[in-house]
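The values are calculated or read from the model by the stated rules, or taken from the named source; none is laboratory data. All figures in this text were calculated on a predicted structure; none of them were measured in a lab. Neighbour counts are summed over all protein chains in view; Cβ atoms, including those assigned to glycine, are modelled from backbone coordinates with ideal geometry. Note: accessible area is taken over every heavy atom of the protein model, side chains too, but ligands, DNA and RNA are not part of it. Shrake-Rupley method; radii C 1.70, N 1.55, O 1.52, S 1.80 Å.
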Amino acid sequence: MLRRSFLSTAAALALPLRGQGSTTQIDVMVNEPIATIAPEIYGHFVEHLGAVVYDGIWVGESSKIANVRGVRKALLDALRAIKPAVIRWPGGCFADQYDWRDGTGPHAQRPTRTNFWVDSREWPKNARRDGPETFDPNHFGTVEFVRFCRAAGAEPYLAANLRSLPAQDFWRWVEYCNAPAGSTTLARLREADGERAPLKVRYWGVGNESWGCGGNFSADEYAVEFRRFTAWLPSYGVDLALIGSGPNGDSREWTRKFFEKAGRSGLGKLWGWGAHHYSWNASGGRTRDWFDGKGDAVQFDEEQYYEILSQANSMDSIIRSQWGVMGEADPQHRVKLAIDEWGSWYKPGTEPFPEALIGQQNTMRDAVLAALSFDIFHRHAEKVAMTNIAQLVNCLQSLFFAHEDKFALTPTYHVFEMYSPHQGGQALRTEAVEPSISYKRNGQPALLPRLSSSASLKGRTLTLTLSNLHMKQAAEVTIRLHGAQPSTVEAVTLAAEDPRAHNTFAQPNAVQPAKSAASVKGELLAVICPPASVSRLTVALR
Ligand code: AHR
């Protein structure tokens with residue numbers, strides 16, 4: 001859409017073109033579907049890390065805190081409401097140190113083990129160091145996790161230990177989960193744990209970050225391990241979906257070498273390729289050290305605000321680049337991307353409570369980051385089969401804070417709730433004519449798109465989500481539908497006076513979505529997006 005034609009669109013809608021704001025047009029091609037948005041794009045990640053499992057999710061059946069078979073009820077209720085399609089567990093790095101047998105049998109007889117994260121340098125100084133975050137009592141094992149998934153309405157995704165257990169233990173874990181009732185010793189162990197019928201676990205990760213904490217393998221070495229772990233794996237009638245440990249960010253080398261070395265037998269077993277991408281302030285003039293380079297979750301300046309969003313925005317190029325490399329060995333693209341860890345990662349200091357290792361506050365900036373990421377996943381709906389934000393509760397870009405009897409939703413939770421109508425919809429091609437945001441990265445000019453958007457269609461209902469990435473200026477947005485006529489529109493917006501706004505246990509509703517104004521005229525829609533905001537338009541088509 002050319003600027004002249006956009007101005008006539010704006011005039012048709014009588015938009016108030018303010019000096020401070022910018023004007024933007026989005027074209028939605030209703031007759032140009034990309035692919036179905038896999039509900040699994042709205043997946044989660046739960047690791048035995050800090051207070052994610054103990055306190056966050058698992059309070060125990062005898063707890064005074066309202067629970068459903070030991071799982072915190074408030075979290076379960078809120079999670080169910082956003083339709084979590086899949087939940088990954090037990091790690092992360094923890095997975096490659098975990099023996100699944102420790103989480104079986106009567107709770108009182110389960111062993112207590114030292115947690116992988118015991119020596120993390122991110123532990124707050126005043127954290128208690130003798131609790132289940134450090135010495136894991138294994139009360140939350142496979143059966144407890146699968147029940148949690150069932151109660152939440154999600155499929156379980158188990159990550160197997162490739163670094164410190166033999167391949168045989170992986171097959172045995174599959175047997176414990178999926179073998180027919182009463183058929184084997186492990187099926188009977190499952191029954192003794194309270195689950196006679198097979199758990200029918202479909203998603204299995206074969207190692208985690210095998211280039212790093214998962215064994216420091218080279219891609220060639222990992223390909224050999226992958227083949228060993230997955231050869232002749234019994235399926236027990238379940239359509240197993242195996243996920244390989246993909247690259248750190250956009251390592252084309254890792255992907256190319258694995259795909260070459262895995263060969264037909266290895267690739268034939270692969271369902272998803274698990275890329276990880278975190279956003280942190282480690283570029284520009286700041287130190288490049290992974291630990292020291294991170295910024296604060298709440299006290300950020302303009303450069304840090306835009307840099308985090310810019311890093312999140314690079315998910316788009318990572319997907320394109322990885323897809324291209326995967327296509328060299330898999331031209332039919334049978335294997336899809338599973339971005340099974342993503343989100344923001346800040347320096348320590350804003351944990352909701354000390355035991356929440358790698359816990360961090362979650363502001364409107366993170367809400368925009370989540371929305372921007374989902375818009376990218378939708379635009380690549382034919383490539384991305386699953387994603388899992390890190391992590392569900394009390395850790396990294398979490399949806400919840402939960403401690404003792406306290407519970408709060410983060411702005412990121414609200415984005416999941418606002419975006420949930422996209423699940424299972426047909427992603428539509430959109431085009432935006434927009435001014436870029438220009439900012440300074442280490443004193444040098446840098447650009448970021450002004451707006452992020454995506455659209456999907458279910459029956460005659462079109463869902464359009466859009467975020468204004470500008471930290472200070474509102475955006476007046478006109479939307480033109482091609483191939484359909486809108487009849488009514490409803491809008492909801494997540495915004496705050498300050499992009500640093502966030503929810504706490506004391507003020508759990510400081511950031512929450514509210515109905516907002518949108519108008520419809522002919523094939524045009526109009527909405528004003530406040531600075532650093534996320535909006536959803538629900539459009540009924542004629
Ligand atoms: O999510 C925290 C950690 O980040 C995970 O354990 C690991 O896979 C990644 O490096």
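Below are the figures for this structure:
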read-out	value
Complete set of residues in the range 378-398 that are open to solvent by less than 10 Å² (accessible area, probe 1.4 Å), more than 14 Å from the ligand (Cβ to nearest atom) and touching a His at 6+ places or on another chain (Cβ under 9 Å)	His378, Val384
Qualifying residue in the range 161-184 (condition: within 15 Å of the ligand (Cβ to nearest atom) and surrounded by 22 or more Cβ atoms within 10 Å (Cβ to Cβ))	yes
Within the range 36-51, considering residues that are farther than 15 Å from Leu76 by Cβ and within 16 Å of the ligand (Cβ to nearest atom), the one nearest to the chain's Cα centre (by Cα)	Gly43
Qualifying residue in the range 241-262 (condition: in a loop (DSSP other than H, G, I, E, B) and more than 16 Å from the ligand (Cβ to nearest atom))	no
Some residue of the range 87-99 being over 18 Å from Pro132 (Cα atoms), among the acidic types (Asp, Glu) and not assigned by TED's automatic domain parsing to the domain that holds Leu399	no
Test: residue in the range 474-489 that is of a type in the set (S, T, N, Q) and buried (at least 22 other Cβ atoms within 10 Å of the Cβ)	yes
Residue within the range 70-79 that is in contact (Cβ under 8 Å) with a residue 60 or more places away in the chain, under 24 Å from Gln397 (Cα atoms) and within 16 Å of the ligand (Cβ to nearest atom) present	no
Of all residues making up the range 342-357, the number that are of a type outside the set (Phe, Trp, Tyr) and open to solvent by less than 10 Å² (accessible area, probe 1.4 Å)	4
Any hit, the range 25-37, residues being assigned by TED's automatic domain parsing to the domain that holds Glu523, closer than 29 Å to Ser420 by Cα, modelled with pLDDT under 95 and polar (S, T, N, Q)	yes
Meets criteria (touching a residue at least 24 places away in the same chain (Cβ under 8 Å), acidic (Asp, Glu), open to solvent by less than 20 Å² (accessible area, probe 1.4 Å) and not in a loop (DSSP other than H, G, I, E, B)) for Glu307	yes
Number of positions in the range 110-126 that are surrounded by 15 or more Cβ atoms within 10 Å (Cβ to Cβ) and more than 27 Å from the chain's Cα centre (by Cα)	2
Residue in the range 101-109 that is buried (at least 19 other Cβ atoms within 10 Å of the Cβ) and of a type outside the set (Gly, Ala, Ser) present	yes
Residue satisfying condition, being touching a Pro at 6+ places or on another chain (Cβ under 9 Å), within 28 Å of Glu497 (Cβ to Cβ) and among the hydrophobic types (A, V, I, L, M, F, W, C), within set Leu357, Leu396, Leu409	Leu409
Subset of the range 411-435 [among the β-branched types (Val, Ile, Thr) and not in a helix (DSSP H, G or I)]	Thr430, Val433
Matching residues, the range 500-542, being part of a strand (DSSP E or B), of a type in the set (A, V, I, L, M) and over 25 Å from Tyr305 (Cα atoms)	Ala518, Val520, Leu524, Leu525, Ala526, Leu537, Val539, Ala540, Leu541
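Conditions (1) assigned to a helix (DSSP H, G or I); (2) touching a Pro at 6+ places or on another chain (Cβ under 8 Å); (3) touching a residue at least 40 places away in the same chain (Cβ under 8 Å), marked per residue:
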{"position": "Gly91", "(1), (2), (3)": "no, no, yes"}
{"position": "Arg121", "(1), (2), (3)": "no, no, yes"}
{"position": "Ala127", "(1), (2), (3)": "no, yes, yes"}
{"position": "Val143", "(1), (2), (3)": "yes, no, yes"}
{"position": "Ala151", "(1), (2), (3)": "yes, no, yes"}
{"position": "Pro156", "(1), (2), (3)": "no, no, yes"}
{"position": "Leu162", "(1), (2), (3)": "no, no, yes"}
{"position": "Cys177", "(1), (2), (3)": "yes, yes, no"}
{"position": "Ser183", "(1), (2), (3)": "no, no, no"}
